[in-house]
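Undergrad: Sharing a structure with you now.
The values are calculated or read from the model by the stated rules, or taken from the named source; none is laboratory data. Bear in mind the structure is a predicted one, so any value in this text is a computation, not a measurement. Please note: Cβ atoms are built from the backbone with ideal geometry, for glycine as well, and neighbour counts cover all protein chains shown.
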Amino acid sequence: MSNSATPLSAAALPALAFIGGGNMASAILGGLIQQGLPPALIEVVEPFEEARARLAQEFGVTAQPAASQALARCALVVWAVKPQTFAEAAAPVRALAGQSLHLSVAAGIPSESIARWLGTEAVVRAMPNTPALVGKGMTGLFARNQVDAAGRALVEQVLAPTGHLLWVDQEAALDAVTAMSGSGPAYVFYFIEAMTEAGIEMGLPPTQAHQLAVRTFTGASALAEAASEPPSVLRARVTSKGGTTYAAISSLEAADVKAQFKSAIRAAEQRARELAVEFGKA
């Protein structure tokens, strides 16, 4: 199910903790603070002094360099650490937040490994993407069996500022989510880059070429979201035989671009599987 959750009022949210204060953590906690959540209800563990200073300046949040007893008051702990440091970061938190719900936005770490490191089954895995930084993200979610409806609802409300959410029933599906929406913004940027370069090569100023490419993607995406027809029908409507679009699509088909693109996405899915094995060994 995909949705865009309605944010809870600040009064309805409990104390929250963030382990790691980087870009994704900032996107989430920044959105919550904009909704009115008091910074005093947010605990952040961030080992780097520069990042702690930024959090204080941008959000008024006082971050700590290491886990402390303050985590015990937090109903939800958001894990926004680098995958290779997760196990090490989990060790001191295990005894402090054993009753908390844990939400991981760390790529590639299986929920089974997280549950083992933290000593709890109350784990939700999230696969967000970078448009979450501007509130336009698409996040895939998987909950372990111990997470109840209230826990899912809390996760939805906390992630609401980042954009849309999609729950999957099987954790393995997060590999496909990673390949499509997690890595997907890079694919879009790749095509925007190519369109912009083509525009410049055809004589347009760089700023105009960039604007045309970006606005074409955002407009077409909005139309695809609003339309009841599939993308193939929308494409056919603007592809008159013998016309300019027909010439472009024919060139793409002759180069087998669709098959190559699908192959690229499957390569990303395979790499997601490999990373889950690699990062979950500890």
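Undergrad: Just one of the numbered conditions (1) modelled with pLDDT of 95 or more; (2) in the same structural domain as residue 36 (by TED's automatic domain parsing); (3) of a type outside the set (A, V, I, L, M) is not true of residue 219; which one?
TA: Exception for residue 219: condition (2).
Undergrad: I've got another one for you. Across the stretch 243-255, what is the total count of residues that are outside any helix (DSSP H, G or I) and either at pLDDT below 95 or surrounded by 11 or more Cβ atoms within 10 Å (Cβ to Cβ) (or both)?
TA: At the first step, the residues of the stretch 243-255 found to be outside any helix (DSSP H, G or I) are 243, 255.
Next, from what is left, pick out any that are either at pLDDT below 95 or surrounded by 11 or more Cβ atoms within 10 Å (Cβ to Cβ) (or both): 243.
Qualifying residue count for the region: 1.
Undergrad: Filter the stretch 193-228 down to the residues that are of a type in the set (A, V, I, L, M) and buried (at least 18 other Cβ atoms within 10 Å of the Cβ), then identify the one that is nearest to residue 112 (Cα to Cα). Working first, answer last.
TA: Filtering the stretch 193-228 for residues of a type in the set (A, V, I, L, M) gives 194-195, 198, 200, 202, 204, 209, 212-214, 220, 222-224, 226-227.
Those left that are additionally buried (at least 18 other Cβ atoms within 10 Å of the Cβ): 209, 213.
Details: 209: 47, 213: 42 Å.
Restricting to residues being of a type in the set (A, V, I, L, M) and buried (at least 18 other Cβ atoms within 10 Å of the Cβ), the top hit is 213.
Undergrad: Kindly list the number of the only condition in (1) charged (D, E, K, R); (2) under 30 Å from residue 136 (Cβ atoms); (3) over 32 Å from the mean Cα position of the chain (by Cα) that fails for residue 225.
TA: With (1) charged (D, E, K, R); (2) under 30 Å from residue 136 (Cβ atoms); (3) over 32 Å from the mean Cα position of the chain (by Cα) applied to residue 225, the lone miss is (3).
Undergrad: Which one of the conditions (1) modelled with pLDDT of 95 or more; (2) surrounded by fewer than 21 Cβ atoms within 10 Å (Cβ to Cβ); (3) under 13 Å from the mean Cα position of the chain (by Cα); (4) of a type outside the set (D, E, K, R) does residue 165 fail to meet, given that it meets all the rest?
TA: Checking residue 165 against (1) modelled with pLDDT of 95 or more; (2) surrounded by fewer than 21 Cβ atoms within 10 Å (Cβ to Cβ); (3) under 13 Å from the mean Cα position of the chain (by Cα); (4) of a type outside the set (D, E, K, R), the one that fails is (2).
Undergrad: Would you mind finding the one in 103, 174 that is of a type outside the set (Gly, Ala, Ser), farther than 30 Å from residue 257 by Cα and under 17 Å from the mean Cα position of the chain (by Cα)?
TA: Working: 174 fails: farther than 30 Å from residue 257 by Cα.
Testing whether each residue is of a type outside the set (Gly, Ala, Ser), farther than 30 Å from residue 257 by Cα and under 17 Å from the mean Cα position of the chain (by Cα) leaves just 103.
Undergrad: Can you say whether residue 135 is surrounded by fewer than 22 Cβ atoms within 10 Å (Cβ to Cβ) and at pLDDT below 95, as far as the supplied structure shows?
TA: Yes.
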